[in-house]
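Chemist: Next up is a structure, given as structure tokens.
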Amino acid sequence: MTHRRWFTPWLLVAPAVVWLLVFNLWPSLNTVVLAFTNAKPLGGGHFTGLANFARALDDSQLTDALVNSIVYMLVCLPLLTMLPLLLAILVEKRLPGITFFRTAFYTPVVASAVVVALIWGWVLDDRGLVNGFAQWLGVVAAPVPFLTDRWLLLFSAISLTVWKGLGYYMIIYLSALGNVRRELHEAAAVDGAGAVRRFWSVTVPGVRNTMLLVSVLVSVSALRVFSELYVLSNGTGGPGGRDMSVVMLIQLYTRGFSGHLGYASALSIVLFVITIGPMLLLLRLDRKAA
Amino acid sequence: MAAHAKRVRPGGLAAAGPAEKALRYALLLLVLALTVSPFLWQLSTSLKSLTEDVYSRTPTFLPEHPTLDNYAQVADAIPVWSYAANSLVVAAIVITGNVIGATMAGYALARLRFRGAKLLLGLFLATLVLPGEVTIVSQYVTVRSLGLADTLLGVALPGAIAMLNVLLMRTAFAAIPQEMDEAAVIDGATAWQRLRHIGLPNVRGMLSVITIFTFIGAWDDFLWPLIVLTDPDHYTLTVGLQYLNGTFTSNPRLIAAGTMISFVPIVVVFAALQRYFFRGVEEGAIKG
């Protein structure tokens, strides 16, 4: 459209451009710069070459964190790609009261990860609901160390992530199911296809692209996990700090006297490298869809 | 018209038989129990008095003598109400910034022709590939060099114009028919007048979605305020709750009361506005 003064559009975009430069482009560039220095929260900032990356190769905590990330991703991927689809099919039909159920299923999504982790920390506590109930039933003699065992803590965090994510991906699928043509379902039903058959031959192909989108989103968010592990382990990263995620390590080195901003930046680049694969896949899908 | 037809669409297959209906409701109730029972358990814990054993092996969902004492006591342990106020201040700054900044930029990108528009759009899009956690260290360095470390403004500022929201507003403005603008131009309307009188009335839906999600995002955020804030007096509610958890773990009733103070407002906001949210979903407006 026309406008009388040449600078009008620039006035309109100016604030967003300032934010683009100061809080997006500059920090990206600066992360790379910092990664090659020994910058500390207090002082430092000399060029140290590849020292931070050499340190990263040697860092057993980072190795643990990467293993945790992979486990996290491998467990979340199938669960959060399939369960929300089934849930979306369950809430798709407009039965009386369905809005209530949809809203309720979405509630864990709008709650803060901190709140959810504190609630689960209490439920999974040595003397919490799950252990109390299991002992009352006599299933276990001693409390299960959900929050103090290296692997159980990780799996507790994973189940929390899955539980909190169900509603989010359900909504994405619900939106996609609206586009699956109803005639296909009806034709299949007339041909005598049962519900399971229709699921695999009509629904799944119909939401194939959405399933790919969801699996990319699930992978990336599994690699970015922070709050669940931080709160469940009370900031310690579990026994021996072995239940850290990459983001927890970044947070650890950003703050305090033991802080090392240069090393934290190098870890940020490691995080970027492991998330870029799924992200690029997402961009390609986006272009295909458009 | 088309949107209206979609809204009354029954969804799924034709009318369900009684057996299918019963099965569906049974499954719905099962999932409901799995989703809401942890919240209810926490609510129940927060209402239990000190004399009631919260560790009991035969858990009771209903408190014997419901009391609000824990809510008063959590305020003695940590300044929970001023933490909530801090979270509100951050949310208010972030919402104001996004509503104004993203509207202006989205409008210019969608409705005005100018040099460099394509390049700008590409840059806005490119930022989406980068997870926020990747730049959080240098983000902190920036905020600190602006003298905003350990301040609420420092927490709010980087997210005050989110690139995603600029793109969402651009999409919303782009959906307005071109003819409306053309007619206004003939009538001599300036770009600002067209934004006010033609643009804004047509993007209210997107603005409310952005407002809801910006509020939820700011209220729930944990990692960034945890990095920026050091003085316990400045904490936002999420950081304060983790602080409470680290310091006073001996009494789960207090932590339960604290989590409810954070959880209830967000649920009320969401429950009040869920109509708009789910309407958008059914019209296929929300994708990824």
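The values are calculated or read from the model by the stated rules, or taken from the named source; none is laboratory data. The structure displayed is predicted, hence computed values, not measured ones. Neighbour counts run over all protein chains shown; Cβ positions are idealised from the backbone, glycine included. The area values use the complete protein model at the heavy-atom level, side chains included, leaving out ligands, DNA and RNA. Shrake-Rupley method; radii C 1.70, N 1.55, O 1.52, S 1.80 Å.
Chemist: Debye sum, Cα scatterers, segment A:225-268, no solvent: what log₁₀ I/I(0) at q = 0.34 1/Å?
Modeler: Rounded to two decimals, the profile gives -1.13.
Chemist: From the C-alpha gyration tensor of segment A:170-290, pull out the three semi-axes of the equivalent ellipsoid (sqrt of 5λ each), sorted largest to smallest, in whole Å. Mind dumping the intermediate values first?
Modeler: Numbers: eigenvalues 375, 59, 17 Å².
Equivalent-ellipsoid dimensions as semi-axes: 43, 17, 9 Å.
Chemist: Let me ask something else about it. Quick one: with all protein chains in place, what share of the accessible area of chain B is carbon or sulfur, to the nearest percent (1.4 Å probe)?
Modeler: Numbers: 8810 of 13280 Å².
Summing carbon and sulfur atoms, their accessible area is 66 percent of the total for chain B.
Chemist: For chain B, modelled as a Gaussian network with Cα springs under 10 Å, which listed residue fluctuates most, B:V203, B:V264, B:V185?
Modeler: Maximum among the listed residues: B:V185.
Chemist: Counting only other chains, and only Cβ atoms inside 10 Å, what mean value do you get across the residues of A:117-127?
Modeler: On the way: counts 5, 13, 11, 2, 5, 12, 5, 0, 3, 1, 6.
Mean shielding by partner chains, rounded to a whole number: 6.
Chemist: Hey, got the average number of other protein chain Cβ atoms within 10 angstrom for residues in B:156-163? Walk me through the intermediate numbers first.
Modeler: On the way: counts 0, 3, 5, 2, 3, 8, 4, 5.
That average works out to 4.
Chemist: Carbon and sulfur: what percent of chain A's accessible surface (1.4 Å probe)? Mind showing how you got there, number by number?
Modeler: Numbers: 8700 of 12820 Å².
Percent of accessible area from carbon and sulfur atoms in chain A: 68.
Chemist: Could you estimate the translational diffusion coefficient of segment A:22-175 from the Stokes-Einstein equation, with Rh from the Kirkwood formula over C-alpha pairs, at 25 °C and 0.890 mPa s, in whole µm²/s?
Modeler: Values: Rh = 19.5 Å.
Roughly 126 µm²/s, to the nearest whole number.
Chemist: What is the count of Lys pairs in the protein assembly as shown whose alpha carbons sit under 25 Å apart, if the two are 8 or more places apart or on different chains?
Modeler: Value for the protein assembly as shown: 10.
Chemist: If you don't mind, another one. Whole number in Å², please: accessible area per residue of segment A:161-290, 1.4 Å probe, ligands, DNA and RNA not counted.
Modeler: Details: 5530 Å² over 130 residues.
Each residue of segment A:161-290 exposes 43 Å² on average to a 1.4 Å probe.
Chemist: So what is Rg over Rh here for segment B:132-288, counting just Cα atoms and using Kirkwood for Rh?
Modeler: On the way: Rg = 20.6 Å, Rh = 18.9 Å.
Here Rg/Rh amounts to 1.09.
Chemist: For chain B, what is the convex hull volume of its Cα atoms per residue in Å³? Numbers along the way, then the final one.
Modeler: On the way: hull volume 54.8 nm³, N = 288.
Taking the convex hull of the Cα positions in chain B, it is 190 Å³ per residue.
Chemist: At the nearest 100 Å², what buried accessible area, both sides summed, do you get for A and B when the probe is 1.4 Å? Can you show the working numbers first?
Modeler: Details: alone 17620 and 17910 Å², together 26090 Å².
Chains A and B together bury approximately 9400 Å².
Chemist: Same structure again: Quantify how strongly other chains surround peptide B:39-49 by giving the mean number of their Cβ atoms within 10 Å of each of its Cβ atoms. Intermediate values should be presented prior to the final figure.
Modeler: Values: counts 7, 0, 5, 8, 1, 0, 5, 0, 0, 0, 0.
Partner Cβ neighbours, averaged per residue: 2.
Chemist: Continuing with this model, one more query. Suppose R0 equals 22 Å; then what is the FRET efficiency for B:T60 and B:V267 from their Cβ-Cβ distance, rounded to the nearest 0.05? Before the final figure, lay out the partial values.
Modeler: Values: r = 23 Å, r/R0 = 1.06.
So the FRET efficiency works out to roughly 0.40.
Chemist: Also, I was wondering about something else. Is the shape of the protein assembly as shown rounded, prolate or oblate, going by the alpha carbon gyration tensor and its root eigenvalues a ≥ b ≥ c, with a/c under 1.5 for rounded and a/b larger than b/c for prolate? Please list the in-between numbers first.
Modeler: On the way: a/c = 1.55, a/b = 1.08, b/c = 1.43.
The shape class here is oblate.
Chemist: Further, regarding this structure: So if I take the centroid of the Cα atoms in segment A:128-191 and the same for segment B:183-236, what is the distance between those two points in Å?
Modeler: Between the Cα centre of segment A:128-191 and that of segment B:183-236, the gap is 33 Å.
Chemist: Only protein chains counted, 1.4 angstrom probe. Which residues of segment B:185-225 are at least 50 Å² less accessible in the assembly than when their chain is isolated?
Modeler: Residues passing the criterion (a loss of at least 50 Å², heavy atoms only) are B:W192, B:D220, B:F222, B:L223.
Chemist: Can you give me the distance in nm between label points at A:M82 and A:A189, each placed 7 Å from the Cα along the Cα-to-Cβ direction?
Modeler: 2.5
Chemist: Rounded to the nearest whole Å², what accessible area per residue is found for segment B:15-67 with the 1.4 Å probe?
Modeler: Result: 58 Å² per residue.
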